[in-house]
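What follows is one structure encoded as structure tokens, with my remarks underneath.
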Amino acid sequence: MKKFSIHTLLSLSLLLAVAFVFSAFGVKPKSKSPDKVYLFAYATEKNSGKNGLHFAWSNDKLNWYAIGNEYSFLKCDYGSWSTQKRMLDPFLFKDQNGLWHCLWSVNEADGVLAHAASKDLVNWQPQSYPLLMDKATFEDKSLGSVQDLEVTSKNGTYTLTWLSGGMGGTVFTNTTNDFKKYTETQGGLVNNRLDIRKDVRVAGEMQQGTITEVDWSVVDNLKKTVDAANYKRESNQASAKTDSVLFAKLKPLTANIVIDASQSKKISNMLMGVFFEDINYAADGGLYAELIQNRDFEYALSDKEGKDAKWNHTTAWSGTFRLDSVNAIHKNNAHYAVLINSTITNSGFDGIAVKAADKYNFSLFAKGAKCTVKLKDATGTVVAQTTISPNGYWKKYTAVLKPSKTVANAVLEISTMGETAVDMVSLFPQKTYKGRSNGLREDLAQTVAGLHPRFMRFPGGCVAHGDGIGNIYRWKNTIGPLESRVPQRNLWGYHQTVGLGYFEYFQYCEDMQSEPVPVLAAGVPCQNSAVGGAGQQFGIPMEHMDEYVQDVLDLIEYANGAVTTTWGKKRAEAGHSKPFNLKYIGIGNEDLITDVFEERYTMIVNAVKKKYPNITIIGTVGPFFEGADYVEGWKIADKLQLPMVDEHYYQTPGWFVNNQDFYDSYDRSKSKVYLGEYASWGSSVYNALAEALYLTALERNGDVVSMASYAPLLAKENHTQWNPDLVYFNNTEVKPTVNYYVQQLYGQNPGDSYIQSFTELSDNSAEVQKRIGISVVKDSKSGDVIVKLVNMLPVAVTPQMELQDITPKGPVSYTTFKGNANAKSNVLPVTAAVSLSEAVSKELAPYSFTVIRIKTK
Ligand code: AHR
């Protein structure tokens, strides 16, 4: 033990005593920093005003120093990504309780104000967007917006004044005590403005904003926040390229690993599942096997918000026909085509792919003259044909087409000699996944099933809560006869037939032996909505919320109710009298956590809890792993005692490497976690391994993380709105990414208890250590012990594993997934049977993922 001299001990005690006096009596040691400085809050015009809140500080109000230059301390979350999310003219002030408030204008049209509060200017509470103009004014955008807002306070009451964009500079005013409730807006006042904003030059550019005197510690904290964020951002940029520099001198390593089965804990056996959303043409033109596009002539300009004049009832059709709606086949399917001595051709979704050996069910609703139906290849050669002889009234006709050859891009032609009305023109392969009628494309459905998902989430993502209230996904619109379903605009910019609807989703889950996890809107649309009032706005009007809550309850009855119940009967009519045995229901999808949200969410959650206490409700905690929505979402989850919440994050591979401890500190007594959407940005082996590494941490935290699903799942080439995705496809090929194989290996090798292991590496540096992942689980059913090892280093690692309390039986299954870190294809897992002694000491290749499956019974 090190010895201290009496002098050293005396000096130490003196130092401690001085420190005590300073802290006890509030005396600060002298520092070179000033006590008080000025803080300037502003937003730049750059990026159409989407840059958010910035700060600069000054000693003398003359020289201003930007804090973090481009760093934004608060970003506006109002409205759609494309044109909104703007912070204009922020107004910052501190209230008498020391709480900071930032208010700003969101655009030049909407009569709303944006508000957020913070204790430290770093962590902000959820934003709110109160409507300061009445609703009529709001809807008539020419009338008034909130511009140049100022706030003054007296005895805890805040007076807001602003200029109206559309009313020739008229001044409006109202008051609030809490920034939640506002008095009625008064307009047309004389100009009583104080013009509090100041012009300041920061980094060579003039900016306008507010100045507040603050303690130096406030600025110091802001500076430290920027430094920490920059450091994190930098270290999250890890890539194979940065690795080659960082580990240039690293030699192959050894790893002593002790696996001790006497130390284990129960974990979720539901960890790996899939997230299905109709994004990237994942449903129509994708998983849903229908080959005719726009079969019902219901495509509409509004599907693309009128931005594509060619997107209408004629999309995918050519030839001459008239669109009619008189006496339609169903009110929900209002349009049909009338052919008069003409031919119309459907080109499918980028062509119709048919195989010579297969049979295809053709059907249509028709009335009028006889017509011929032909499948033709690109040269115009007929490969299959049939004739339909309709009557004078609507009737469904069917025929089986057997193509004489395989064609990748056929077209379907309907010709008539006379006048024929047609609707719901359909061509469906007889071979669908599990042979279901109105079923799923076999190869794609099989690829998803090949992941061995324990659950499937649907129908989104953002598709679930929709672009505006009218676009919320309503499950009742998606069941029943196809011609009676209510098609709608897909918020990803195309059309949903909902031919793949709730019944088909439930059936697919059952066919894959996966638990269905439907996610329903929490009574509010997506906060990024552009239609019907920007953002989440007012939510479903409260007077319609009972009806909406009933819809949610009815879904559970549809899935689980007896055939004698109203909705159980509808399920039986669709061909499934047995219940689907629904156990989970998601409410909300990464919503903005506002009062509007909370009121509706609480109503739905309480109603489900009351009527169906055995259903596991999955709540929502925003789109990120941090921030106001995450914090507030978790608070509400605690308040409502939700069994589970849905977390989402898309990050760099480096983030996943650096955040393996994310769930280690989660409170096990609170809600469990469903990591409903996650992916590292990219489709290379490096990304796949970052995900594999992170999944070792999820298994370790399997006592709090119950489920996880990579997102998005499917993407059709040339129709992709979001990258990366797990599986790409076109009409004839399915192309799983390398990330797919990591998901698959986890899906094939789940456990229900987690076994403790201890690893000692020959290099102990933190950067090396965090790139080696190990997770050991046991599957109680098979008795197998499964060891997963991730080596995310550019050097080989030779393990020496010691198995304690495990009695292996027979040979071991040893699967390796390895490749060039930048490779994006041609990297497949390879499985071999090896001896136990080989398995526990076999070299782990650079950039590899290994799964060892040891039988114990
Ligand atoms: O997975 C794609 C999208 O990402 C989802 O629709 C949404 O929930 C998230 O923002």
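Readers should treat all values here as calculations from the given coordinates under stated rules, not as data from a laboratory. Because the structure is predicted, anything quoted here is derived from the model rather than measured. Cβ coordinates were reconstructed from backbone atoms using ideal geometry, including for glycine residues, and neighbour counts include every protein chain displayed.
Residues whose amide H lies under 5 Å from that of Gly586, counting only those 5 or more places away or on a different chain, are Val519, Leu520, Ile618; hydrogens are built 1.01 Å from N in the peptide plane. Going down the list Lys355/Lys476; Lys402/Lys570; Lys376/Lys716; Lys180/Lys304; Lys50/Lys307, which pairs span over 26 Å between their C-alpha atoms? Too far apart for the 26 Å limit: Lys355/Lys476; Lys402/Lys570; Lys180/Lys304. On the beta carbon distance between Leu250 and Glu838, with R0 = 22 Å, the FRET formula returns roughly 0.30.
Given a Förster radius of 30 Å and the C-beta distance between Asn69 and Asp661 as r, what FRET efficiency does 1/(1 + (r/R0)^6) yield to the nearest 0.05? Efficiency, rounded to the nearest 0.05: 0.50. In plain terms, the residue of Phe538, Phe179, Phe597 with the fewest other Cβ atoms within 10 Å comes first and the most crowded comes last, giving Phe538, Phe179, Phe597. Dividing the summed -39500 (n - 2.57) terms of all DSSP H runs of n ≥ 4 by the residue count of the chain sets its mean residue ellipticity at 222 nm at -6000 deg cm²/dmol.
Note on Lys610 and Thr183: the model spin-label points, each 7 Å out from Cα along the C-beta direction, lie 3.8 nm apart. Reported to the nearest whole Å, the Cα centre-to-centre distance from region 569-630 to region 791-857 is 40. The gain in end-to-end length when the Asp358 to Thr372 segment is fully stretched comes to 3.0 nm, 0.36 nm per residue minus the alpha carbon separation. Across region 699-734, the residues whose backbone nitrogen lies under 18 Å from the label position 7 Å along the beta-carbon direction of Lys310 are 718-720. Among the trypsin sites (Lys or Arg not before Pro) within region 56-92, those in coil by DSSP and having at most 14 neighbouring Cβ atoms inside 10 Å are Lys61. If R0 is taken as 22 Å, the Cβ-Cβ distance between Lys809 and Gln263 corresponds to a FRET efficiency of 0.55. Put simply, the amide H of Gln263, placed in the peptide plane, has neighbours under 5 Å in Gln756, leaving out anything fewer than 5 places away on its chain. Taking the number of Cβ atoms within 10 Å of each Cβ as an exposure proxy, the fewest-first ranking of Asp303, Asp703, Asp227 is Asp227, Asp703, Asp303. Here the 3J(HN,Hα) profile of region 799-807, calculated from phi with Karplus coefficients 6.51, -1.76 and 1.60 at θ = phi - 60°, is x, 9, 9, 10, 9, 10, 6, 10, 10 Hz, Gly and Pro shown as x.
In order along region 84-89, the Karplus-derived 3J(HN,Hα) couplings, from 6.51 cos²θ - 1.76 cosθ + 1.60 at θ = phi - 60°, round to 10, 6, 9, 10, 10, 6 Hz, and Gly and Pro are given as x. For Glu802, the residues whose amide H sits under 5 Å from its own are Ile257, Val258, Ile259, ignoring neighbours fewer than 5 places away on the same chain, with H placed 1.01 Å from N.
The phi-based Karplus calculation (6.51 cos²θ - 1.76 cosθ + 1.60; θ = phi - 60°) puts the 3J(HN,Hα) values of region 405-418 at 8, 7, 9, 7, 9, 6, 10, 10, 10, 10, 10, 9, 10, x Hz, whole numbers, x for Gly and Pro. Between the C-alpha center of region 295-335 and that of region 203-246 there is a gap of 52 Å.
Rg and Dmax of the chain, based on Cα coordinates, read 31.0, 113 Å. Considering only C-alpha atoms, what is the centroid distance from region 84-112 to region 404-475, in Å? Region 84-112 and region 404-475 have Cα centres spaced 46 Å from each other.
Projecting the Cα positions of Leu440, Asn97, Thr565 onto the charge dipole of the chain (unit charges on Cβ atoms of Lys, Arg, Asp and Glu, taken about the Cα centre) puts Leu440 furthest along the positive direction.
Counting only DSSP beta bridges with both residues in the chain, the antiparallel share comes to about 75 percent.
Summing Cβ point charges (Lys, Arg +1; Asp, Glu -1) relative to the Cα centre of region 301-431 gives a dipole of roughly 380 debye.
Taking each residue as 0.36 nm, the span from Lys639 to Ile340 lengthens on full extension beyond its C-alpha to C-alpha distance by 101.2 nm.
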